[in-house]
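A short write-up of the structure that comes next.
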Amino acid sequence: MSRALPKYNKRRVAFIGGAAAVALSGTVIAGFALAGETPASGGTNARTLAGPGTISCPDVTGQLPAVPASAQAEVDSNLAQLNTQIQEANKRLVDTVGQGGPNFVQNAILGPLEDKRVAALNRIETAIGRAAEKPEGLEAFAACQLNADGGAGAGEAAEGEAGAGAEAGAGAEAGAEAGAEAGAGAEAGAGAGEDAGAGAGAGEAGNAGAGAISCPDVTGELPAIPASAQAEVDRNLAQLDTQIQEANKRLVDTVGQGGPNFVQNAILGPLEDKRVAALNRIETAIGRAAEKPEGLEAFAACQLNQ
């Protein structure tokens, strides 16, 4: 009896050691899941989470004609706004690492930035045009791009976390089968797997229901339109309607996507910027042949109705 006891103890130690090894494997896999990468193929996801990249935009200052003294202050103010817009976009790029789907950066950062730049460039054209020949085509310098490590979609990182979480859960189940002694370790592995899976879907509660977007009607706010400006005004009014239709379509197409501010950042914000640009063009068109209306930007903001 005294000789049998050490053998029993050896078998028990070996049993517990094997179970602990399985549970530890599950915990290691779960650790990779929580880090947003898998042991075998997590390189891309790791770069996505570690380096959001930076945004670069064309420098418009060298494209401007001679600026009249009366327009200098307004032009300088809008050039400063262009720089501020890039800084804000880069900050948002850092703040939202790992959020949204594969097109999040384009839809929620680069797209809105381009629309804001179009509006600022239009204001520069208008300011110069009040005292000299108005420059045209500055909108060609509105589009910006993402450089460095930010090319991979944030949605891919989320998918990587979900896949790693599933592996962690599988490792935890294997640990549970090893014996009762490994139960605590197995539960830890399972919990880590669940946490990783939940993290992957955490940013998808933003656009919970489509609803509809409504915007102020600007037609009743316009003064008498000179005949020479009628076609351009009508074209921009039609663009305002098209912009609302496109925003409502995007609202339907993205149900269930994004974080809590997805609709504001990726749909309503860009729509407002596009409307500002169109309203500025209407003001400019009328101002070429009559007194220029001011303040139409007050009708740019839209809202979501459920």
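The values are calculated or read from the model by the stated rules, or taken from the named source; none is laboratory data. Given the structure is predicted, the values throughout are model-derived calculations rather than measurements. With ideal geometry, Cβ positions are generated from the backbone for all residues, glycine too; neighbour counts draw on all protein chains shown. For accessibility, only protein heavy atoms count, side chains too; no ligands or nucleic acids. Shrake-Rupley method; radii C 1.70, N 1.55, O 1.52, S 1.80 Å.
Summary table below
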{"quantity": "Within region 1-113, helices (runs of 4 or more DSSP H) holding 3 or more residues that are among the charged types (D, E, K, R) and modelled with pLDDT of 85 or more", "calculated": "69-95"}
{"quantity": "Odd one out for Glu291 among (1) part of a helix (DSSP H, G or I); (2) over 25 Å from Pro102 (Cβ atoms); (3) not aliphatic (A, V, I, L, M)", "calculated": "(1)"}
{"quantity": "Enumeration of residues in region 252-270 that are out of contact with any strand residue (DSSP E or B) (no Cβ under 7 Å at 6 or more places or on another chain) and either among the hydrophobic types (A, V, I, L, M, F, W, C) or assigned to a helix (DSSP H, G or I) (or both)", "calculated": "Val252, Asp253, Val255, Phe262, Gln264, Asn265, Ala266, Ile267, Gly269, Pro270"}
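Here is a yes/no grid of residues against (1) modelled with pLDDT of 90 or more; (2) open to solvent by 50 Å² or more (accessible area, probe 1.4 Å); (3) not hydrophobic (A, V, I, L, M, F, W, C):
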position	(1), (2), (3)
Ala266	no, no, no
Asp273	no, no, yes
Ala278	yes, no, no
Ile282	yes, no, no
Gly287	yes, no, yes
Ala290	yes, no, no
Leu296	yes, no, no
Gln303	yes, yes, yes
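So that you can scan it fast, the table gives a plain yes or no per residue for (1) open to solvent by 50 Å² or more (accessible area, probe 1.4 Å); (2) farther than 25 Å from Ala131 by Cβ; (3) aliphatic (A, V, I, L, M):
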site	(1), (2), (3)
Val67	no, no, yes
Ile86	no, yes, yes
Val105	no, yes, yes
Leu110	no, yes, yes
Arg117	no, no, no
